[in-house]
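Participant: Sharing a structure below in structure tokens format, with a few things to ask.
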Amino acid sequence: LNKTLGEKYSYVGVGRDDGDNEGEYSAIFYLKDKYNVVDSGTFWLSETPAEVSYGWGSAYRRICNWVILENKYTNTQFVHINTHFDNASSEARRNSIGMILEKAKEFNDLPVVFSGDLNFIEKSLGYRDITADVLKDTKVLAKETMDTATFHNADPNAFKGIVLDYILIND
């Protein structure tokens with residue numbers, strides 16, 4: 001993605017397997033001409049968030065990246081948080097929800113955009129928990145929306161309507 005987007009974009013984030021460049025990223029890309037990075041960070045979705053680690057029986061190391069971006073023209077700031085929850089461990093997903101909500105609360109004076117592959121479906125307990133208070137689903141808030149699957153396992157017809165990827169905001 002970095003090569004495809006070219007010189008106009010930069011990103012924040014690290015690889016989940018070594019905290020540098022190994023493994024899956026949950027990178028956040030931004031237009032360099034439009035935004036300045038005010039602050040950013042990464043934490044692992046685990047009992048030891050400051051260390052490269054697995055959490056709560058997860059199949060993979062999972063990370064969360066966040067950034068405060070400032071618009072160069074308006075001086076307005078917002079936060080973007082991005083992650084990919086574990087696919088195997090419901091305990092890992094449940095605890096990850098708590099970590100994400102706590103991180104979002106840290107920025108209570110700024111608009112927060114949270115995006116991620118959360119590996120649970122709409123209307124599930126995990127979905128209800130993450131959208132109960134601090135964060136709201138943009139799909140529900142939008143005047144016009146669509147019902148399009150975000151999971152297809154390489155066969156768009158096999159999993160019609162299954163949504164695992166979300167964009168949530170604080171409102």
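The values are calculated or read from the model by the stated rules, or taken from the named source; none is laboratory data. Bear in mind the structure is a predicted one, so any value in this text is a computation, not a measurement. All Cβ positions, glycine included, derive from the backbone under ideal geometry; neighbour counts span all protein chains shown. For the accessible areas, the whole protein counts, side chains as well, though only heavy atoms, and no ligand, DNA or RNA atoms are used. Shrake-Rupley method; radii C 1.70, N 1.55, O 1.52, S 1.80 Å.
Participant: Let me understand the chain better: what is its radius of gyration from the alpha carbons, and its Dmax, in angstrom?
Facilitator: 16.1, 45
Participant: While we're on this one: Hey, what's the chain come to in accessible area per residue, 1.4 Å probe, Å²?
Facilitator: I get 57 Å² per residue for this part.
Participant: Additional query: Could you pull out the longest piece of the chain with no exposed loop trypsin sites (Lys or Arg not before Pro) in it, calling a site exposed if DSSP puts it outside H, G, I, E, B and it has at most 14 other Cβ atoms within 10 Å? Mind dumping the intermediate values first?
Facilitator: Numbers: sites that count: Lys32, Lys34, Lys72, Lys123, Lys143, Lys160.
Looking at the chain, 73-122 is the longest stretch - no exposed trypsin sites (Lys or Arg not before Pro) with at most 14 other Cβ atoms within 10 Å.
Participant: I've got another one for you. Around Thr74, with a cut-off of 14 angstrom between Cβ atoms, what is the net charge of the other residues, counting Lys and Arg +1 and Asp and Glu -1?
Facilitator: 0
Participant: Oh, and also: For region 66-122, with all protein chains present and a 1.4 Å probe, just round the carbon and sulfur fraction of the accessible area to a whole percent.
Facilitator: In region 66-122, the share of accessible area belonging to carbon and sulfur is 47 percent.
Participant: Additional query: Can you tell me the convex hull volume per residue for region 1-101, based on C-alpha atoms, in Å³ to the nearest whole number? Could the numbers behind the result be given before it?
Facilitator: Values: hull volume 9.3 nm³, N = 101.
Dividing the Cα hull volume of region 1-101 by its residue count gives 92 Å³.
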